[in-house]
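Down below is the structure, laid out as structure tokens.
What follows is calculated from the coordinates using simple rules that are stated; it is not laboratory data. None of these values were measured; they are calculated from a predicted model. Every residue, glycine among them, receives a Cβ derived from its backbone with ideal geometry; neighbour counts consider all protein chains shown.
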Amino acid sequence: MSFVFQPWQLLALSAVGAAQQDYQRAIEYLMAENCILKAKLGRKQVLLTDDERRVLAVKGKALGRKTLEQLATICTPDTILRWHRELVATKWNHSEKRKTPGRPKIAAEVEELVLRMAKENPSWGYDRIVGAVANLGQEISDTTVGNILKAHGIEPAPERKKTIDWKTFVKSHWDVLAAVGFTTVEVWTTRGLVTFYLLFVMKLATRRVHFAGCTANPNGPWMQQVARNLTACDDRFLKGKKYLLMDRDTKFTDEFRSILEQEGIQIALLPPRSPNLNANLERFFRSLKSECLGRMIFFGEQSLRNATTQFAEHYHAERNHQGLENKLIEPGPEVGQTAGEVECRERLGGLLNYYHRRAA
């Protein structure tokens with residue numbers, strides 16, 4: 001049995017291939033740059049400090065041998081992995097338990113606190129961590145903090161600031177963060193089977209979504225009008241939001257982004273091929289298709305709009321969400337009623353059901 005690719009699938013495969021080529025070019029450039037820098041040093045071997053070895057060992061172990069063989073230039077993959085084994089061996093070396101003169105070993109609880117604070121607060125320096133630990137009844141020095149971080153391959157505060165991870169960014173901007181994205185549905189029209197693009201925006205803190213529109217041709221003028229609808233009126237959906245997560249889809253034109261930025265909304269572009277970094281909106285798309293759109297056949301744009309609108313209403317007021325402690329986004333007055341007969345509110349011919357007791 002043969003499989004025929006749809007045009008949108010071929011475009012998706014092309015985009016993935018282009019992203020892969022970009023990654024490969026970046027790797028090749030970095031390798032060439034490192035080789036040139038190494039040659040400029042005029043040494044056969046680059047001398048590294050113990051702290052530099054620790055950083056490379058921790059990060060190199062996370063990459064694995066196959067990737068290291070592509071990237072490593074100043075030392076071999078075997079050397080980096082050997083450094084990691086030495087770090088592990090040092091961790092399990094219990095010779096320090098012998099009674100020898102010197103300062104006592106830092107308690108494991110204190111070490112875990114220092115590591116946690118450093119990872120969760122990239123801008124905190126050694127002194128700041130010392131103060132935070134003292135608030136919890138433990139007295140340590142900034143030198144101790146530095147030694148703990150170095151032993152685990154964690155950079156000082158200025159370097160951690162430059163490499164803030166995505167989880168920290170999202171968490172720190174949760175209340176002013178929204179996400180936008182497309183999903184597609186096939187619709188039967190007078191022209192045959194046509195791909196329609198559905199655009200949704202989500203407020204991540206509350207999981208509320210806004211159906212921004214659907215079209216078979218998401219061109220520049222259509223996208224500009226969507227941007228105006230999201231920002232131009234008093235009850236606009238993006239009111240109060242400062243950041244908008246967005247992938248690198250070319251349908252998000254410069255004009256679309258410009259209108260948003262003029263309203264004070266900064267665009268947070270996702271790395272290529274990273275749907276997991278926009279997980280909440282992707283999870284909504286999965287629910288939309290598995291519970292509604294994927295179980296229907298659409299004849300014309302109006303039937304698609306009606307089904308999408310019905311699901312959005314069900315999603316907000318009738319569907320419990322595990323990410324919100326299994327509660328409704330917009331609970332009605334009937335929620336929590338214990339008296340009265342149980343009724344069922346049906347949508348789309350019983351495809352979507354909501355059980356409740358009539359509010360008193």
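Whole-Hz Karplus ³J(HN,Hα) for region 310-316, in order, using 6.51 cos²θ - 1.76 cosθ + 1.60 and θ = phi - 60°, x for Gly and Pro?
Per-residue couplings from phi come out as 4, 5, 4, 5, 5, 4, 7 Hz.
So how do 343, 334 line up by other beta-carbon neighbours within 10 Å, fewest first?
Going from least to most buried by this count: 343, 334.
If you count, for each residue, the other Cβ atoms within 10 Å and average over each peptide, how do 114-121, 266-273, 200-207 line up from highest to lowest?
For the peptides 114-121, 266-273, 200-207, the packing ranking is 200-207, 114-121, 266-273.
How would region 172-342 be classified by its alpha-carbon gyration tensor: rounded, prolate or oblate, with rounded meaning a/c under 1.5 and the a/b versus b/c comparison settling the rest?
Oblate is the answer for region 172-342, as a/c is 1.5 or above yet b/c matches or exceeds a/b.
Just want the ordering: 247, 175, 254, from fewest to most Cβ atoms lying within 10 Å of their own Cβ.
254, 175, 247
Is there a quick way to get the dipole size of region 204-360? I mean about its Cα centre, with the Cβ of Lys and Arg at +1 and of Asp and Glu at -1; what is the value in debye to the nearest 20?
The calculated dipole for region 204-360 is roughly 280 debye.
Distance cut-off 19 Å, Cα to Cα: go down the list 251/289; 59/119; 119/150 and report the pairs above it.
Correct reply: 251/289.
Taking neighbour counts of Cβ atoms within 10 Å as a proxy for exposure, in what order, fewest first, do 245, 328 appear?
Ranking 245, 328 by Cβ neighbours within 10 Å, fewest first, gives 328, 245.
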